[in-house]
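The values are calculated or read from the model by the stated rules, or taken from the named source; none is laboratory data. All of these numbers come straight from a predicted model, not from anything done at the bench. No Cβ is skipped: glycine too gets one built from the backbone with ideal geometry, and neighbour counts run over all protein chains shown. Calculation scope for accessible area: heavy atoms of the full protein, side chains included, ligands and nucleic acids excluded. Shrake-Rupley method; radii C 1.70, N 1.55, O 1.52, S 1.80 Å.
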Amino acid sequence: MGQFYEQVKERLIRYAKINTRSENGTGRTPSTACQLDLARVLRDELTAIGVSDVWLDEEKCVVYGKIPDNTGMPAAATDSLPAGACNEPAGLSPQHSPRPLGFVTHMDTAPDASGENVKPWVLENYDGGDIVLNQEQGIIMRAADYANLQQYIGQDLVLTDGTTLLGGDDKAGIAAVMTMAEHLCSHPEIKHGLIALAFTPDEEVGGLAKDLDLGRFGSPTAYTLDGDHLGWYQDETFNASAAEVTIRGISVHTGTAKGIMKNAVDIAGEFMAALPAYEKPQYTEGREGFFHMVSCEAQCERAVLKLIIRDHDAVQFAIREAYLQKVVDGINRRYGEGTAVLVITAQYRSMKEVIDTVPYMIDDLKAAISACGIEPKTEPFRGGTDGSALSHRGLPAPNLSAGYENAHGRFEYVPVQSMEKNVEILLELVRICAGIQ
Ligand SMILES: [Zn+2]
């Protein structure tokens, strides 16, 4: 049992019991008021640990804290960082020593499964077999269905009772960050640069950490701690936009429709048929992009089609957006100007182009993971993270796994040993960034 075992386990279990499920389309910030319950717990805990500048923005539900530089060396200038939005990447020179560090983790859990009345429990020394999550209701996690279980034989798994998610996404990340903070505050002899912490709401509903005040946060770079599989990290995400096509038809009595009717249902079908048949989520992987039809509501008079566009490559992404316009233009040529209207809404952009300006962030991260005896692994993330948006707001923010598995569902679990390792990785990162050998 490592030195952080009890702390990370206790924290995850305590945080998991607090319902922080976010919700789509509430139009509120945060999307659900219950997220403030955890925010207040984290604020009080940061204060008790001895973290400085602890502040909870009650309105936006963002918790901030700092562990000041204790090296006595001149730090990299962070006061030039403007409060709020800025477009330029921080461009911090790698020669600066010590380098400020930031960590951002999200407090909400996915709306996909219930987050109410979560009953976490620990299965010690997992034997590789099926796991009975709920005797009463006969809910069993079968080893044959979840191959990822095999790598955790002999470890201790935090599990659910099979009726809710666990919320290790992202409370396993919060537990690791908080335990790192506690360790640094209680060991002032460990020298480090500025360490900025933030806990944010609504990641699971596309919040993109939009209310994180970069000036208050105070570090020009950050790592998010989110994602599954210990030792994985991400420095590339999708470029993403949403598109809506509205088609105006002309409805007439079917008996006298000849030459007059324009059936929006048929035209919607033409639009969908023009999309590349095999560039869909179900046929793509790796760095292959896609179009995904989200919904199609169609009647003769009017049709509304909603879809999303994804591509890692910025050029291919632009070509995809342009292709939709080309299809819509074709429909308008055939059925008359104004028949189809396309509206594209930007969602997020890949963090890659920003992270490439701060390559030392990835070098440091890989070095920290390796130093803890784990092989760092990555692949382009087929989604977006809060870090995608933060990077483009001027806070380069690659992602390190929080170590959970089977997120967003009732079979979610977190090996305690993965969280312990993450604390070690974070402390190693702190050591590397302090620039002290
Ligand atoms: Zn997450």
Residue list for segment 182-202, restricted to those being more than 16 Å from the ligand (Cβ to nearest atom) and surrounded by 22 or more Cβ atoms within 10 Å (Cβ to Cβ)
His192, Gly193, Leu194, Ile195, Ala196, Leu197
Report yes if some residue within segment 154-176 is away from the ligand (no atom under 16 Å from the Cβ), open to solvent by 60 Å² or more (accessible area, probe 1.4 Å) and β-branched (Val, Ile, Thr); otherwise report no.
no
Within segment 362-378, which residues are outside any helix (DSSP H, G or I) and in contact with a Phe, Trp or Tyr (Cβ under 8 Å, 6 or more places away or on another chain)?
Pro376, Lys377, Thr378
Just one of the numbered conditions (1) among the aliphatic types (A, V, I, L, M); (2) free of Cβ contacts under 8 Å to residues at least 40 places away in the same chain; (3) in a loop (DSSP other than H, G, I, E, B) is not true of Leu208; which one?
(2)
Check Thr224 against each of (1) hydroxyl-bearing (Ser, Thr, Tyr); (2) in contact with a Gly (Cβ under 8 Å, 6 or more places away or on another chain); (3) closer than 30 Å to Ala33 by Cβ; (4) assigned to a loop (DSSP other than H, G, I, E, B) and name the one condition it does not meet.
(4)
For segment 387-404, check the following and say yes or no: at least one residue is charged (D, E, K, R) and either in contact with a strand residue (DSSP E or B) (Cβ under 8 Å, 6 or more places away or on another chain) or surrounded by 22 or more Cβ atoms within 10 Å (Cβ to Cβ) (or both).
no
Just to verify a result, which residue in segment 227-239, among those that are over 16 Å from Val354 (Cβ atoms) and assigned to a loop (DSSP other than H, G, I, E, B), is farthest from the ligand (Cβ to nearest atom)?
Gly231
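Would you mind stating whether Ala181 is over 16 Å from the mean Cα position of the chain (by Cα), more than 15 Å from Ser401 (Cα to Cα) and in a strand (DSSP E or B)? Outline the logic, then answer.
On the way: over 16 Å from the mean Cα position of the chain (by Cα): yes; more than 15 Å from Ser401 (Cα to Cα): yes; in a strand (DSSP E or B): no.
Criteria not met by Ala181.
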Yes/no for Leu212 being touching an Asp or Glu at 6+ places or on another chain (Cβ under 7 Å) and within 16 Å of the ligand (Cβ to nearest atom)
no
Given the criteria touching a helix residue (DSSP H, G or I) at 6+ places or on another chain (Cβ under 8 Å) and either open to solvent by 20 Å² or more (accessible area, probe 1.4 Å) or within 30 Å of Lys171 (Cβ to Cβ) (or both), does Ala242 qualify?
no
I'd like the full set of residues that are more than 19 Å from Ala242 (Cβ to Cβ) and either free of Cβ contacts under 8 Å to residues at least 12 places away in the same chain or outside any strand (DSSP E or B) (or both), limited to segment 289-314.
Gln299, Cys300, Glu301
Going residue by residue through segment 410-423, is there one that turns out to be polar (S, T, N, Q), at pLDDT 95 or above and either in a strand (DSSP E or B) or surrounded by 24 or more Cβ atoms within 10 Å (Cβ to Cβ) (or both)?
yes
When you check Ala240 against the structure, is it of a type in the set (A, V, I, L, M), farther than 25 Å from Ile369 by Cβ and touching a Phe, Trp or Tyr at 6+ places or on another chain (Cβ under 7 Å), yes or no?
yes
Just the residues that are under 17 Å from Leu275 (Cα atoms), open to solvent by 60 Å² or more (accessible area, probe 1.4 Å) and of a type outside the set (A, V, I, L, M), please, taken from segment 309-345.
Gln316, Tyr323, Gln325, Lys326, Asp329
Single match in Gly218, Gly227 (criterion: under 21 Å from Met361 (Cα atoms) and modelled with pLDDT of 95 or more)
Gly218
